[in-house]
Every structure is written in structure tokens, then in C-alpha cells.
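The values are calculated or read from the model by the stated rules, or taken from the named source; none is laboratory data. This one's a predicted model, so the numbers in the text were calculated from it and none came from an experiment. Note that each Cβ is placed from the backbone with ideal geometry, even for glycine, and that neighbours are counted across all protein chains shown. We work out accessible area using only protein heavy atoms, side chains counted, and drop any ligands, DNA or RNA first. Shrake-Rupley method; radii C 1.70, N 1.55, O 1.52, S 1.80 Å.
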Amino acid sequence: MKRLRFGLLVLGFSASLAQAADPGVAQRVEQLLARMTLEEKVGQLNQLSGKEFTGPATDKVRSMEAEIRGGHVGSMLNIKGVADTRRLQALALESRLKIPLLFGLDVIHGYQTVFPVPLGESASWDLAAIEESARIAAREASSAGIHWTFAPMVDVGRDPRWGRVMEGAGEDSYLGSRIAAARVRGFQGARLGGVESVMATAKHFAAYGAAIAGRDYNAVDMSEHQLHETYLPPFKAALDAGAATFMNAFNTLNGIPATGHAALQRDILKGAWGFKGFVVSDWGSVREMVVHGYAADLPDAAAKALVAGSDMDMESNAYSSALAAQVTAGKVPLAQVDDAVRRVLTKKFELGLFDDPYRFSDAAREQAALNDPRHRRAAREIAAMSIVLLKNEGAVLPLRRGLRSIAVIGPLADARRDLEGGWIVKSGADKMASLVDAVREAAGPGTRVQYAPGCDVACRTTEGFAAAVAAARGADAVVLAVGESWDMSGEAKSRADVTLPGRQGELFAALRAIGKTPVVVINAGRPLIFEDVAEQAPAIVYAWFAGTEGGRATADVLFGDVNPSAKLPMTFPRNPGQLPISYLQYETGRPVRDVKNIVYKSAYIDSPNTPRYAFGHGLSYTTFAYRDLRVSDARMRADGEITLSFTLANTGKRAGREVVQLYLRDPVASVVRPVKELKGFQLVALGAGETRQVSFTIDREMLSFFDRKLAWAAEPGAFELMVGSASDDIRLRQAIELTP
Ligand code: NOJ
């Protein structure tokens, strides 16, 4: 498969290297710290937003410019571009100690070149591609004066009602950990301090993805087990990959706001894990501790947050207004303030800002990076790798070239801005191809391509259906593009009903009513529920919000110029009542073994337990066979390793890539284990008819779980290894035994 690689990729940090402080930097930090007043120290912990707000308004400071000049601001967010970052940096250099500002921004899935939303990109399971898209985003953002991105979001998401699943890597902790590390490596490059590297942020620490009922900002209540085994590992993986910063979260965790959570931030993150970077609060989350009922007032919130290990205050004005007085009053140890300031200054030194505060704001580099055509090509390839072929009955897809006419119908058929998704820096919709444009380009001049929207995304009326039906009537092929608009997924975009919006389902039915069998393309930032479409459409392509080149990438898949290989990183339910849902189920004492017999079983009486599409599901235009599983030894010693291998064959007529997935079950353990857990995966590209040996190394870590003593342990006994094409499509199994 053709891949774009242009040498931007470099090796990531090793864990020890990543978190080790440079002695030269440490010395410079101490010298500077010794010269700082308490007020100046607090200034370094204060982060303010520029005019663009990415959260609710807080009390505005009298004059931002005066505050910066006065040394009361350590960092800005929502400022971008060479001109603006230079202007504000110049003000910081007028302050007594001339400490440069850090510019942070939500560069979530691209800066100028927009890649698929992170959940969609995660469906590629292609770590190199994911790293590359973050590298390109870093290259563009850093050229425009940005030092720091508030990404990756590494929250595990198992409830598509929560709009922010769009920003993460889905439901699985292992896949999420691998992707978290890839994104950190991509953003930060070989080392911090390179002008094309931005600091990454592992967010939101922690457990934000488990907001009750999928309602954003809601409380989280979870067992220690679940926290350590599922929700924390992606953070640890981000840290091991070198993540320079962490962001805490809006939620309470078992009654304590994450922002004021000392056990999370001090004991685990900075203690047990040895994190040397700094923690930024989420937007206004220090202040929100008052609303939660955890702090009496803003000064109390400032004290509780700092003492709990929140180093920088984003837009609460809590530290700037109250922290110094709390130190003087003895409520906050000065040593803890010093520790926070040290962490922030260390990053500023590591970025090279004291040597050249403007090194990231380079007009020539900005021009070159933002207009680099390679970025756009990579966006198209990565988008195509992210698009999941959910269904393809009777090999309806790929579409043949040379058809007389194609009707492209639906509220998202001519969308551009929607394809970019949420959390973009600046829309480039005017320079994008919609799906209709892309189908026209791909089909060529001999094919007549007709377009009719049918309705808009909200689809409250059926007035436009007749025109859509008329356009479809005589067409040789019908493509129907439905789904969400860009602003239906993301922060504060929880939906209680995650079905297709409005009457979109009726548009599909109207096309069916005239005997058409449309190929359905779905754009969304989350798993949606679309039961009629799932049952009746012959082919379904889940195209997420695939970014700047989303239209063309979708056409690449529809016409078979790219053979799809993406696999779902989240379970797709049949019914909202199944939420939250993931493939990581625990066996009950009354499992359903036969769907016809659910009396006194753990079942719904009005819906199957099984999802519509399982985690790991995704089809290809070719087929793969799995054969001849072998293990080097069926018994493994506690300190040993064994190798599992099998043959993968491309049994179809075209080249393709398969994501082979390795799952494990520990059937009897001191703590009941899930029926299946992902433990490994590989992307294997094979030509038609080609076969390849695929191997995985099984080690003790793979067999470990978080035990009753709240420590990782592997218990001797039997394990079952499963290899397959999806969590519900296991092709090969092998029992092994871990000996004492
Ligand atoms: C709030 C969001 O939760 C966070 O992810 C984001 O980075 C900040 N706002 C800054 O925009």
C-alpha cells in the first residue's frame, strides 16, 4: 500500500530520558527562582485566554497587557499566529524578570491541515499514521508561535452519549495507551526544544470519560480497580512517551474534584509515576470546585487546587487573585508553590524560550509549513485509513467506474465544514471538496453526478425528500450521506439520543420505497445508532468527520482506490438502553448462551445484548484467512515468554491491510476478569493471494491484572489466547498455562 513518509518521523523518548531533568536547566531554574518574589511566582502559574474563549467567561482582568507586563501571567491560551504571539511575548519581556510566555492551544486534530477527529483516526489502528498526523500538526502549530497543545485526550470513552468520545481513542485501555504514546511522540518529536515540537498534554486527569450517563462535566463514581486498570493506563503510557504536561479534569472522582485531587496528582502522577512536567487545570476548574461544593470560595479553591498538585490555573483567576495571600496565611506551603513554578520554568527552559523567546514565531516557517502540499496529501491518506466499511453485502462496493449516473443524496452530501469536525483552529472549508465534489472528480466526466440534500442535518421536515427521490430515481447508483453536523459532537455536546438526527432515517426509507438500495455514508464524531439503515442498506461506510480531505478520502474508499482497513475503536450499540457499552464484558452468573432462552438470564427482554457492530469490526474489499496457530510452548514460566504465531492469508483478489487482533481471557482468577481483553494488534499489508507469518510475544505483563491488593500481578493457571479480525470474530484460539 502506498504510504507517504517524508522523514518527519523520529523515535520517541524512552521513559527515563523523557522525565529526567537536564542538570543545566535545573541550575538555571534555581537561579531564577531565587530571584522571584511570591507575586512573580504566582504569575507563572496563571494562564489567561486571549479573545477567543473555549469555555464560559470568567472575571476579566483589568488589562491583560498590563498584567503580562507586570509579570502576572505565565501562559496564554487561544492566541495564535506569528504576529499575535510576537506582540504578547514582547510585553512579557518588559516584565522585571523577562520570563517568556508559554502559548498553549487546542491543536486536537490538526492546525491548518485538519486530520480526522481523533476517534476516527484511532479507527486506523495505524500508529505510524497517527504519529505522523500529530507531527504535521506540531509542525504547523509551532511555526505559528504555539509551544504547547492541549492534546492528546486519552480519556477512555464507553458512552457515545458523551460528545467528547470524539476527541479520544475509544473504549479500550490498551489501544488507547498505544495511541496516546503515538500522539505524544508525534507532537513532541525527538525532543522538546526542537522548533517543530510542541509540548503535549495528557488530559483529562482522570476518569473524565466515565461521566455518569454520558452527560458532560458530570460526576464520576468508580472503583479503584476500574480506575487503575482501565482509566489510568493511557495516562501512564502518555507519560512514558514523554508527555510534558497533564491537564486535570472537570469531574469529581468519587466525591473529590479531579482538580483538587491530591491522591491523583501528588501521590500517583508526581509520586509513584515520577512525573516531572506540570499540571494545568482545565478551564475554570479551580473555580468550579466552589460550585461542586468542595471549596468555600475562590481563595479556598486556589489553596486546595495548589496543595493537591494543580500547578497552573487556566482561566479561573483563582491563583492570581488569592494564592499569594493563602501562602502568607499559612494555608499553602511556599515549598509547594516553588515546586509548581520550578516545573513551569523547567519547560520554558527546555523549549529554549529563555535563549530565544521568539524562536517559535517565525513568519517564513509559518508560510512554508502552512502551505506544504505534503500535509494535505497525508491528510487524505490518513483519512482514508480511518474510514470503516461496516457492511458490504453482495460486494456492492466498490462502485464501478463508468456508471452512467450516480445520485449523491443527503444532508451531508455537500458538506464541507462538517467534515472538519469540532475542535479545529480555523476552518478551511472554502478550500475543501465535499463528497459530491469528490465523487464527481473520482467518477470522471463520463458519469453524471446529481445532488439533492433531501433535508438539512437537523432534518425536521420532509419537504426536500421528493426532489431527492427524483434525483435518485433514474440513477445507476445512489449514495446517501447522513449523520451529525460538526457541532453535535465534542465538548458540551452530550446527546441523550444518539440516533440519526431528525427525520434522516425517513429519507433513507423514502429512497428504499422506490426500490433503491443506497450505499450509506455516515459522518459523525461518535458511534451513532441507525438500526433500519444497518438492517436494510447493502453497504455502510462510517466516515467520521474525516478532516480537510474527508470528501476525497471517502470517495477513495467508495471507488476502491483505497481498500478500507479501519476497525472500530468503540462498540456500536443497537439501542441507547445498552449504554454504556464495551466489548470488555464480565461474565455474569447467568449469561445468555442461547438467545432463544433468556428467562432468568442476564438479558434485556426488548433488545439483544450484543452490539450492532463490535469493537474491532471493519471490513475490507478482500478477505483474510487465519490458519495454523502455534505457540512455542503451551506452558510459560513466570519470568518467561512464549511466542504465538499463525499464518495470515489474503484470500481475495486485491491487496489489503488487516488489523490482526490478539485477545486474552484469564478464565479463573482471584478477581473476575473480562471475557476478552485486547493485548496486541498488528497491521499486516498483503497482496492478493499473499500469506505471511504473524507472531506475538506473550509475556507476564500481558497476563497481569490489577489484583485485590491493588497491584499488577499475573496469577499462575490457565489462559486463553484468541486471535481474530474483530472482538466478535475470533478465528483461532489457544490455551496456555502460566506455571508458578
Ligand atoms: C476545556 C476542555 O475541557 C479542555 O479539553 C480544553 O483544552 C480547554 N477547555 C481549553 O480550551
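Please specify each residue of segment 38-69 satisfying the condition of being under 19 Å from residue 91 (Cβ atoms), open to solvent by 10 Å² or more (accessible area, probe 1.4 Å) and assigned to a loop (DSSP other than H, G, I, E, B). Once the filter is applied, which keeps residues that are under 19 Å from residue 91 (Cβ atoms), open to solvent by 10 Å² or more (accessible area, probe 1.4 Å) and assigned to a loop (DSSP other than H, G, I, E, B), segment 38-69 yields 51, 52, 60, 61, 62, 63.
To keep it simple, each residue is scored yes or no on (1) surrounded by fewer than 23 Cβ atoms within 10 Å (Cβ to Cβ); (2) more than 29 Å from the chain's Cα centre (by Cα); (3) part of a loop (DSSP other than H, G, I, E, B).
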residue	(1), (2), (3)
346	yes, no, no
358	yes, yes, yes
374	yes, no, no
377	yes, no, no
385	no, no, no
400	yes, yes, yes
403	yes, yes, yes
406	no, yes, no
411	no, no, yes
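Against the definition (at negative phi, under 28 Å from the mean Cα position of the chain (by Cα) and surrounded by fewer than 18 Cβ atoms within 10 Å (Cβ to Cβ)), how does residue 481 come out, yes or no? Spelling it out, it is not the case that residue 481 is at negative phi, under 28 Å from the mean Cα position of the chain (by Cα) and surrounded by fewer than 18 Cβ atoms within 10 Å (Cβ to Cβ).
Can you find even one residue in segment 268-290 that is assigned to a loop (DSSP other than H, G, I, E, B), away from the ligand (no atom under 14 Å from the Cβ) and touching a strand residue (DSSP E or B) at 6+ places or on another chain (Cβ under 6 Å)? Within segment 268-290, one or more residues are assigned to a loop (DSSP other than H, G, I, E, B), away from the ligand (no atom under 14 Å from the Cβ) and touching a strand residue (DSSP E or B) at 6+ places or on another chain (Cβ under 6 Å). Of all residues in segment 484-499, those satisfying the criterion of being open to solvent by less than 20 Å² (accessible area, probe 1.4 Å) and not polar (S, T, N, Q) are 484, 490, 498. Of all residues in segment 446-478, those satisfying the criterion of being open to solvent by 50 Å² or more (accessible area, probe 1.4 Å), part of a loop (DSSP other than H, G, I, E, B) and within 22 Å of residue 551 (Cβ to Cβ) are 446, 453, 456, 476.
Does residue 416 meet the test of being among the basic types (Lys, Arg) and crowded, with 16+ Cβ neighbours inside 10 Å? Steps first, please.
Numbers: among the basic types (Lys, Arg): yes; crowded, with 16+ Cβ neighbours inside 10 Å: yes.
Spelling it out, residue 416 is indeed among the basic types (Lys, Arg) and crowded, with 16+ Cβ neighbours inside 10 Å.
Within segment 214-227, the set of residues being within 16 Å of the ligand (Cβ to nearest atom), open to solvent by 10 Å² or more (accessible area, probe 1.4 Å) and touching a residue at least 40 places away in the same chain (Cβ under 8 Å) comprises 215, 216, 217. Screening residue 319 with (1) buried (at least 24 other Cβ atoms within 10 Å of the Cβ); (2) within 16 Å of the ligand (Cβ to nearest atom); (3) assigned to a helix (DSSP H, G or I) gives one miss only, at (2). Report yes if residue 72 is in contact (Cβ under 8 Å) with a residue 24 or more places away in the chain and open to solvent by 20 Å² or more (accessible area, probe 1.4 Å), otherwise no. It is true that residue 72 is in contact (Cβ under 8 Å) with a residue 24 or more places away in the chain and open to solvent by 20 Å² or more (accessible area, probe 1.4 Å). Would you confirm, using the coordinates I've provided, whether residue 115 is touching a residue at least 60 places away in the same chain (Cβ under 8 Å), farther than 30 Å from residue 387 by Cα and not charged (D, E, K, R)? So residue 115 does not fit the description; no.
Selection within segment 643-667: residues that are surrounded by fewer than 18 Cβ atoms within 10 Å (Cβ to Cβ) and β-branched (Val, Ile, Thr). The member of this set that is farthest from residue 225 (Cα to Cα) is 651. Close contacts from segment 195-213, counting a first residue that is open to solvent by 10 Å² or more (accessible area, probe 1.4 Å) and a second that is of a type in the set (Val, Ile, Thr), with Cβ to Cβ under 8 Å and a gap of 6+ residues or different chains, come to 210/156; 210/220; 212/220.
Inspect all residues belonging to segment 573-582 and state whether any of them is over 24 Å from residue 130 (Cα atoms) and touching a Leu at 6+ places or on another chain (Cβ under 8 Å). Yes.
Of the residues 128, 123, 138, the single one that is open to solvent by less than 10 Å² (accessible area, probe 1.4 Å) and out of contact with any strand residue (DSSP E or B) (no Cβ under 6 Å at 6 or more places or on another chain) is 138. Evaluating residue 272 against the criteria (1) open to solvent by 50 Å² or more (accessible area, probe 1.4 Å); (2) more than 26 Å from the chain's Cα centre (by Cα); (3) among the aliphatic types (A, V, I, L, M) leaves one unmet condition, (2). Among the residues of segment 507-518, just one is buried (at least 16 other Cβ atoms within 10 Å of the Cβ) and out of contact with any helix residue (DSSP H, G or I) (no Cβ under 7 Å at 6 or more places or on another chain), namely 517. Restricting segment 245-257 to residues that are of a type in the set (A, V, I, L, M) and more than 10 Å from the ligand (Cβ to nearest atom), the residue that is nearest to residue 308 (Cα to Cα) is 256. Out of all the residues in segment 419-429, is one or more more than 13 Å from residue 559 (Cα to Cα), of a type outside the set (Gly, Ala, Ser) and surrounded by fewer than 16 Cβ atoms within 10 Å (Cβ to Cβ)? Yes, that holds for at least one residue. For segment 322-344, the set of residues classified as of a type in the set (Val, Ile, Thr) and either open to solvent by 40 Å² or more (accessible area, probe 1.4 Å) or not in a loop (DSSP other than H, G, I, E, B) (or both) consists of 327, 328, 337, 341, 344, listed by residue number. Take the residues in segment 302-316 that are closer than 13 Å to residue 262 by Cα and away from the ligand (no atom under 16 Å from the Cβ); name whichever of them is nearest to the chain's Cα centre (by Cα). Restricting to residues being closer than 13 Å to residue 262 by Cα and away from the ligand (no atom under 16 Å from the Cβ), the top hit is 309. For segment 232-268, name all the residues that are within 23 Å of residue 148 (Cβ to Cβ), out of contact with any helix residue (DSSP H, G or I) (no Cβ under 7 Å at 6 or more places or on another chain) and open to solvent by 20 Å² or more (accessible area, probe 1.4 Å). If the condition is that a residue be within 23 Å of residue 148 (Cβ to Cβ), out of contact with any helix residue (DSSP H, G or I) (no Cβ under 7 Å at 6 or more places or on another chain) and open to solvent by 20 Å² or more (accessible area, probe 1.4 Å), then 236, 268 are the ones that fit. Residue 79 meets the conditions (1) open to solvent by 10 Å² or more (accessible area, probe 1.4 Å); (2) within 23 Å of residue 366 (Cβ to Cβ); (3) out of contact with any Phe, Trp or Tyr (no Cβ under 6 Å at 6 or more places or on another chain) in every case but one. The failed one is (3).
Under the condition of being more than 16 Å from the ligand (Cβ to nearest atom), among the aliphatic types (A, V, I, L, M) and closer than 22 Å to residue 277 by Cα, the residues counted in segment 39-72 number 2. Residue 242 meets all of the listed conditions (1) at pLDDT 95 or above; (2) part of a helix (DSSP H, G or I); (3) away from the ligand (no atom under 16 Å from the Cβ) but one, namely (2).
Of the residues 605, 540, 581, the single one that is in a loop (DSSP other than H, G, I, E, B) and touching a residue at least 40 places away in the same chain (Cβ under 8 Å) is 581. For segment 668-722: of the residues being assigned to a loop (DSSP other than H, G, I, E, B) and within 26 Å of residue 656 (Cα to Cα), which is least open to solvent (accessible area, probe 1.4 Å)? Out of the qualifying residues, it is 687.
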